[in-house]
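Nothing in this text is a laboratory measurement; each read-out follows from the coordinates by a stated rule. Given the structure is predicted, the values throughout are model-derived calculations rather than measurements. Note that each Cβ is placed from the backbone with ideal geometry, even for glycine, and that neighbours are counted across all protein chains shown.
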Amino acid sequence: MSVNNPKEQNYWSQRYRENRTGWDIGYPATPIKEYIDQLKDSSTKILIPGAGNAYEAEYLWQNGYRNVYVMDISKIPLLGFQQRNPSFPRQQLLQTNFFQHEEHYDLILEQTFFCSFVPTEANRNRYAEQMAKLLKPKGKLVGVWFDIPLTGDMEKRPFGGDKELYLKYLTPYFEAIVFERCQNSIPPRMGTELFGIFQKK
């Protein structure tokens, strides 16, 4: 277990303690669930970073995927996940700093994780570089990014962005197979999400 970013750890833990988790819909997000439904190989090694309550990981586990790793900088949602899924291996629950993680995966599922970081050039470049490092050759980064304005407010999360901005950071490391406005967002988020499938170059 390695966190080494107490400020971020405390920020997110406080959000959970105060139940300020507006991103939490209580079930797997439809765009990711429908992507999972068309996967064929249950041995695929999958990471979900910034997973929170990790309903997508729970859905994968319930459908026979045993090589799923759940990462969050706060232990609070990981403990909640463990209580809901007592058979899930503890060693696959990772309380760690994403940027210090060194394992390799076939697939990383992104649930607006990018939009949780303070939107500096350094953070966003590090995100793209680290995603590429964590993926095996030809591995995929798949998921949802917010399509909302980036306001310049360095405190108000989630931080926004648009297709062009995300591609600026991801293109050096990934080929975009799909990156379009989400057609299957949940109703409150319709029109504010992009769905992407990116393959490591």
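Restricting to the range 46-75, name every residue that is buried (at least 18 other Cβ atoms within 10 Å of the Cβ) and touching a residue at least 60 places away in the same chain (Cβ under 8 Å).
Matches in the range 46-75: I46, L47, I48, P49, G50, A51, D72, I73, S74.
On the basis of being touching a residue at least 12 places away in the same chain (Cβ under 8 Å) and within 25 Å of T192 (Cβ to Cβ), does F117 make the cut?
yes
Would you pick out the residues in the range 88-116 that are over 12 Å from L78 (Cβ atoms), of a type in the set (A, V, I, L, M, F, W, C) and buried (at least 16 other Cβ atoms within 10 Å of the Cβ)?
F98, L107, I108, L109, F113, F114, C115
All but one of (1) outside any helix (DSSP H, G or I); (2) in contact (Cβ under 8 Å) with a residue 40 or more places away in the chain hold for S87, so report the exception by its number.
Of everything listed in (1) outside any helix (DSSP H, G or I); (2) in contact (Cβ under 8 Å) with a residue 40 or more places away in the chain, S87 misses just condition (2).
Can you pull out every residue in the range 135-145 that is crowded, with 20+ Cβ neighbours inside 10 Å and more than 12 Å from the chain's Cα centre (by Cα)?
L135, G139, K140
Confirm whether K133 is on the phi > 0 side of the Ramachandran plot and either among the basic types (K, R) or not in a strand (DSSP E or B) (or both).
Against the criterion (on the phi > 0 side of the Ramachandran plot and either among the basic types (K, R) or not in a strand (DSSP E or B) (or both)), K133 does not qualify.
Tally time: how many residues in the range 148-191 are surrounded by 15 or more Cβ atoms within 10 Å (Cβ to Cβ), part of a loop (DSSP other than H, G, I, E, B) and either of a type in the set (G, A, S) or out of contact with any Pro (no Cβ under 9 Å at 6 or more places or on another chain) (or both)?
Residues meeting the conditions: 5.
Would you pick out the residues in the range 178-195 that are touching a residue at least 60 places away in the same chain (Cβ under 8 Å) and closer than 14 Å to P149 by Cα?
Of everything in the range 178-195, just one residue is touching a residue at least 60 places away in the same chain (Cβ under 8 Å) and closer than 14 Å to P149 by Cα, namely E193.
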